[in-house]
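Heads up: the structure comes next, in structure tokens.
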Amino acid sequence: MERGAHRKILMLCYYYPPLVDVGGKRSVAFAKYLNKHGWTPYVVSVRNPDRQYCSLGNEKPPDGVPTTYARSLLNLSWIFGKLNGLLFRILRFCGVKPEGNYFHFFSPVPDFFIGWIPGAIFEGYRIIKRQNIDYIYVSCTPQSSALAGMALKKLTGRPLIIDFRDPFYINLEKAYEEMQIPAFRRKINRRLERSMIDAADIFIVNTEEVRQGYLRAYPDIERKIFTVYNGFDREAIPITKPNKFEKFTIAYGGNMYFEMIRSNAFFEALAQLKREEIIRSDNFQFLYFGNGHGQVEQIAREFGIENLISSNPSISHEAMLDILVRAHVQLLRIVKPMISTKLFEGIALNIPFLATIPKGEVAEIIAEYSPSSRIVSAESPGEIRKAILETITEYSNGSTKDNYVSDFLDDFSREEMTRRLEGIIGRSYLKEGIFLQEHKSWARGGVD
């Protein structure tokens, strides 16, 4: 297909409206801006999502983007959860103390979403043939979507673009070990990941550190792996500047990764500041929203800081953004090499970070665009205490510096990220079924 010609792309996206999970934001943005830029995206999503992993809301797909919903034949998480619970009870009855998560022994390959593969293939094939689709794009997770995309490529011969919003295996080996996922499952996952990458004509990841990790593992994929960051949608920025909370507020929404970041240094720092009577319930609060609210409450009790912490269940993404823009600081925790969407939200919404993160890509982005953020590379209660105190003092003095929001959005808006995706496809060409780069400078998915 000649560059500039009208292009049609099939998008397999399990996470998509009316699901409100943050995992769908990237796909929605790509569909919206591809359509705006003259492409015709056709989306296939799931009609009956697994409610254990998904949150159903009232959001709608972007205007002008045809969306088809395929029915999942079965949602397995409930079944396997019951099996795991039954096994635990049997082991206890036999006098054996359960160790690890036996859930991982039983869980299907590659994930609990395999029930949607047949429907995704059926609907995707029908659309490809009826609409003469040019490309197949697959958003992962779940990795089950990649299997559907691989099948559609085999059936139709269309080029396949696989987008790993989250790493599947290579960059999470250590995390898998800490989560006690058995070795045989890790071996299966690695082989499956390799087969997905081999099948892809273009392989997209969302951080440069992830790309480098995959290149170390699979040096032969250099010409087809690209970085396209998550970014942030300009339209989500409030038109008017909201009032901050009366109390100095640190906010956090979503997963705190307790199973992989085994440190409570942040909470210990709050306890130190409370003992020093620097922060009290009348002048400070930490607001948490997420599925880990019970664990946060337990940690707060352990450190005697219950009166400083408000721990709440998950709320909608839009409601969370409303909380963030009223907060004075956003706490940031990450599991390398992933970049949390919170990074892009915080910078775009002009909120400084208390980033308790390792050195690397995320720290570099924060340092470039957020001058009043504090980065603490070691999980040190003393260093975190110092960073919190400095931030409070800076705010009290009125010397907090704004983020460089305009520059950031020029580089990381979701529309710019979509242009990068278009550029990767447009600057590649098909030769003997393999996409080849014209310029190595495109390795990060940038657009000249």
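The values are calculated or read from the model by the stated rules, or taken from the named source; none is laboratory data. From a predicted model like this one, the values you see are computed outputs, not experimental measurements. Cβ coordinates were reconstructed from backbone atoms using ideal geometry, including for glycine residues, and neighbour counts include every protein chain displayed.
Among the residues of region 257-281, the one identified as buried (at least 16 other Cβ atoms within 10 Å of the Cβ) and of a type in the set (Lys, Arg) is LYS274.
Take the conditions crowded, with 21+ Cβ neighbours inside 10 Å and more than 23 Å from the chain's Cα centre (by Cα) and apply them to PHE248. Does it pass? Here the answer is no, as PHE248 does not meet what is asked. Scanning region 75-109 for residues that are at pLDDT 75 or above and surrounded by 15 or more Cβ atoms within 10 Å (Cβ to Cβ) gives a single hit, ASN75. All of MET260, MET256 fail the test of being in contact with an Asp or Glu (Cβ under 9 Å, 6 or more places away or on another chain), under 22 Å from GLY382 (Cα atoms) and in contact (Cβ under 8 Å) with a residue 60 or more places away in the chain, apart from MET260.
Exactly one residue out of GLY304, GLY294, GLY254, GLY290 is surrounded by fewer than 21 Cβ atoms within 10 Å (Cβ to Cβ), in contact with a Ser or Thr (Cβ under 9 Å, 6 or more places away or on another chain) and over 23 Å from ILE375 (Cβ atoms), and it is GLY294. Within region 123-168, restricting attention to residues that are among the small types (Gly, Ala, Ser) and surrounded by fewer than 22 Cβ atoms within 10 Å (Cβ to Cβ), the residue that is nearest to the chain's Cα centre (by Cα) is ALA151. If we keep just the residues of region 13-52 that are in contact with a Ser or Thr (Cβ under 8 Å, 6 or more places away or on another chain) and aliphatic (A, V, I, L, M), which is surrounded by the fewest Cβ atoms within 10 Å (Cβ to Cβ)? The selected residue is VAL22.
Every listed requirement among (1) touching a residue at least 12 places away in the same chain (Cβ under 8 Å); (2) among the charged types (D, E, K, R); (3) in contact with a helix residue (DSSP H, G or I) (Cβ under 9 Å, 6 or more places away or on another chain) is met by ASP282 save one, (3).
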